[in-house]
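Can you keep this structure in mind? I'll have questions shortly.
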Amino acid sequence: TTFFLNFALVRGETPYANFDTVPSADQRGGNFSKPTVAGPLVLYDPISHLPLAGNIVPANRIDKIASQLLAYIPLPNLPGGVQNYQISTTVPLDTTDFSAKLNHTLNDKNRFSLSLALQSRNGNQAQLYGFQDKLDGFGWQSEAGWTHNFGPRAINAFHWAFSRNRSNYVPYFANGPNVAVNIGIQGTSPDPLNYGPPNLSFTNFGNLADGTPAIRRDQSSALRDAVTVVRGVHSVTFGGEYRRVQSNPITDTYGRGLFVFSGLLTSGFDNNERVLPGTGFDFADFLFGFPNQAKVRYGSSANYFRSSASSAYVVDDWKVRSNLSLN
């Protein structure tokens, strides 16, 4: 009988650093009179479709929801208009591993093996604007094997394996204030896991984004059998496997909502409805409150999948000569 045992605990921090571009203080106030990230441009009023005087969004035209969302977008912390924002931090990440294996000879013809491996993990994941989401997980896999000798020339090996893994992702804003509803956005998920500001996607700036809450539980089980028969210079193995797989994710992809701003709404158009070069700006669209796209999805967040797979094979290990084998 042989027995192996292994245990490992890793506790540490992972560095996170990123550069991106954020709007200047003037741009946050609606003043686009200076050259932007996209160069000099002309902005058009999304309602009248006339050029904006001085490339300035009037204060009374700035959308109330947009002005409240500015609280979640940081000011530049580096000079210049491009790559003017830097974040540098560390996030904790802990992992615990345990494994054990037992081999036991029952008698001259039968041998038994058993193995078990466990892993527990937890830590944080950093986002561009300083939010840190929590993630944790636990997984284990096991295998039992039985080998039987029918004789000196025939051996059967039977194995059963089972594995299961659970992972959990909790965004920074989850279970806090219902930001979307509080600032006037309607139609988002009422689940506290989805609370927080909506994700904002810009063409010229870093995105306001937080992770998507997700719980995932996957498992698989398998039966494998192989019979090896030795006949002269041939060692032939007949084998097969049957596997059952479960995938169980629970998530709302756009529970908080996603708004995409491209600059299309403040662009100018020619007589053929084509965008005029050098017009429109994504952050001006945002201040006016006109996204180019909006998405929301929640409700039936459990999409469980089941599958089965079977396989069979034959292998002939043919020793043609003492120094040559064909498989």
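The values are calculated or read from the model by the stated rules, or taken from the named source; none is laboratory data. All values reported here derive from a predicted model rather than from experimental measurement. Here the Cβ positions follow ideal geometry from the backbone for every residue, glycine too, while neighbour counts run over all protein chains shown. SASA here: full protein model, heavy atoms, side chains in, ligands and nucleic acids out. Shrake-Rupley method; radii C 1.70, N 1.55, O 1.52, S 1.80 Å.
Being open to solvent by 30 Å² or more (accessible area, probe 1.4 Å) and either closer than 30 Å to Gly30 by Cα or touching a strand residue (DSSP E or B) at 6+ places or on another chain (Cβ under 9 Å) (or both) narrows it down to one of Ala284, Ala312, so name that one.
Unique residue meeting the criteria: Ala312.
Return the pair list, or none, for Cβ contacts closer than 7 Å from residues in the range 109-125 that are surrounded by 16 or more Cβ atoms within 10 Å (Cβ to Cβ) to residues that are outside any strand (DSSP E or B), at least 6 apart or on different chains.
Gln125/Gly211
Output the residues belonging to the range 252-278 that are open to solvent by 40 Å² or more (accessible area, probe 1.4 Å) and not in a loop (DSSP other than H, G, I, E, B).
Result: Tyr254, Phe259, Phe269, Val275.
Kindly evaluate Val296 against the criterion of being open to solvent by 60 Å² or more (accessible area, probe 1.4 Å), more than 29 Å from the chain's Cα centre (by Cα) and of a type in the set (Val, Ile, Thr).
Criteria not met by Val296.
Shifting gears a bit: Given the options Leu93, Leu50, Leu9, name the one that is within 30 Å of Asn165 (Cα to Cα), exposed (fewer than 11 other Cβ atoms within 10 Å of the Cβ) and at pLDDT below 95.
Leu9
Examine the range 207-219 for a residue that is at positive phi and under 28 Å from the mean Cα position of the chain (by Cα), and state whether such a residue exists.
No, the range 207-219 contains no residue that is at positive phi and under 28 Å from the mean Cα position of the chain (by Cα).
For residues that are hydroxyl-bearing (Ser, Thr, Tyr) and either in a loop (DSSP other than H, G, I, E, B) or open to solvent by 70 Å² or more (accessible area, probe 1.4 Å) (or both), tally how many sit in the range 53-90.
Residues meeting the conditions: 1.
Considering Arg231, Arg243, which residue is over 30 Å from Arg164 (Cβ atoms), open to solvent by 50 Å² or more (accessible area, probe 1.4 Å) and not polar (S, T, N, Q)?
Arg231
Which residues, taken from the range 184-215, are among the polar types (S, T, N, Q) and part of a loop (DSSP other than H, G, I, E, B)?
Correct list: Gln186, Thr188, Ser189, Thr203, Asn204, Asn207, Thr212.
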